[in-house]
Amino acid sequence: MWMIQSFRQTALRSGKIGLLKKAVEVEWKTLGEIATDIFRGTGIRRDEVTKKGIPCVRYGEIYTKYGIWFDSCFFHTEKPPTSTPKYFEYGDILFAITGENVDEIAKSTAYIGNERCLAGGDIVVLKHEQNPKYISYVLSTEMAQKQKSKGKVKSKVVHSSVPAIKNIKIPIPPLAVQQKIVSILDRFDALCNDLTQGLPAEIAARKKQYEYYRDKLLTFPRKGA
């Protein structure tokens, strides 16, 4: 019962954000337009992964280990794999540009930790000046995934690219509005992650409810639409 009540309270807050959204100017921009830098990582082989050393992320882990955001890496490597290693830092968005599923290609996650970490091959790193959690949440919506999957052909291995990532267009409200939206979605996300009991159908229904409110919060009208 407490879980249902918590969802209702959070949904009410999301309604207030909806009113705020109508009162602000929202620009739609491509990731290329908001990027201060965007680049590919460099290869880190499986046998180079260790438990200690330099924190690192390989592209497959974005699909299996990381959610909307993370603050520490699961794995490390003893030394940079090349003479020109590629690092990511607080606030950067990581994309996995190789995958096995068109509907999940270019899955992304925001890094909000304090260490400087290595980006493995087939990862694209986006640097920007927006709220990193907001960018990651909006990139997890159906609207963004359709853009990530556009033009991709189903096969055993699916690829994206830096130009394709740069062309993804998302709504960019003022930073204050971004933070308010993040606060609501963080609460929804925490409630979903607390679903450790109940029937599978109930858990699935609650996750669908979360996705509904997430996409609703992150839907903004376009000029002229």
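For Ile181, state whether it is of a type in the set (A, V, I, L, M), open to solvent by less than 30 Å² (accessible area, probe 1.4 Å) and at pLDDT 95 or above.
no
Here are some conditions: (1) within 28 Å of Arg222 (Cα to Cα); (2) modelled with pLDDT of 90 or more. Glu48 meets all but one. Which one does it not meet?
(1)
Taking the range 191-212 on its own, how many of its residues are of a type outside the set (S, T, N, Q), out of contact with any Leu (no Cβ under 8 Å at 6 or more places or on another chain) and modelled with pLDDT of 75 or more?
Result for the range 191-212: 5.
Since Asn167 meets every condition but one in (1) open to solvent by 30 Å² or more (accessible area, probe 1.4 Å); (2) modelled with pLDDT of 75 or more; (3) over 21 Å from Asp103 (Cα atoms); (4) in contact with a strand residue (DSSP E or B) (Cβ under 9 Å, 6 or more places away or on another chain), which condition does it not meet?
(3)
Anything in the range 208-218 that is part of a helix (DSSP H, G or I), surrounded by 14 or more Cβ atoms within 10 Å (Cβ to Cβ) and under 17 Å from the mean Cα position of the chain (by Cα)? List them, or say none.
Result: Tyr210, Glu211, Tyr213, Arg214, Asp215, Lys216, Leu217.
Residue check: is Ser83 in a loop (DSSP other than H, G, I, E, B) and modelled with pLDDT under 95?
Yes; evaluated as a whole, the condition is true for this residue.
Looking at (1) crowded, with 20+ Cβ neighbours inside 10 Å; (2) in a loop (DSSP other than H, G, I, E, B), which one does Tyr137 not meet, given that it meets all the others?
Result: Tyr137 fails condition (2) only.
Within the range 37-82, which residues are surrounded by fewer than 16 Cβ atoms within 10 Å (Cβ to Cβ) and among the acidic types (Asp, Glu)?
If the condition is that a residue be surrounded by fewer than 16 Cβ atoms within 10 Å (Cβ to Cβ) and among the acidic types (Asp, Glu), then Asp37, Asp47, Asp71, Glu78 are the ones that fit.
Which of the numbered conditions does Lys29 fail, given that it passes all the others? Conditions: (1) closer than 27 Å to Lys169 by Cα; (2) at pLDDT 95 or above; (3) more than 19 Å from the chain's Cα centre (by Cα).
(3)
Run Val124 past the list (1) touching a strand residue (DSSP E or B) at 6+ places or on another chain (Cβ under 8 Å); (2) in contact (Cβ under 8 Å) with a residue 60 or more places away in the chain; (3) open to solvent by 10 Å² or more (accessible area, probe 1.4 Å) and report the number of the one that doesn't hold.
Result: Val124 passes all but (3).
The values are calculated or read from the model by the stated rules, or taken from the named source; none is laboratory data. In this text the structure is predicted, and so the values were computed from the model without any measurement. Cβ sites come from the backbone with ideal geometry, for glycine too, and all protein chains shown count toward neighbours. The protein model used for the area step is the full one, side chains on, heavy atoms only, and it has no ligands, DNA or RNA in it. Shrake-Rupley method; radii C 1.70, N 1.55, O 1.52, S 1.80 Å.
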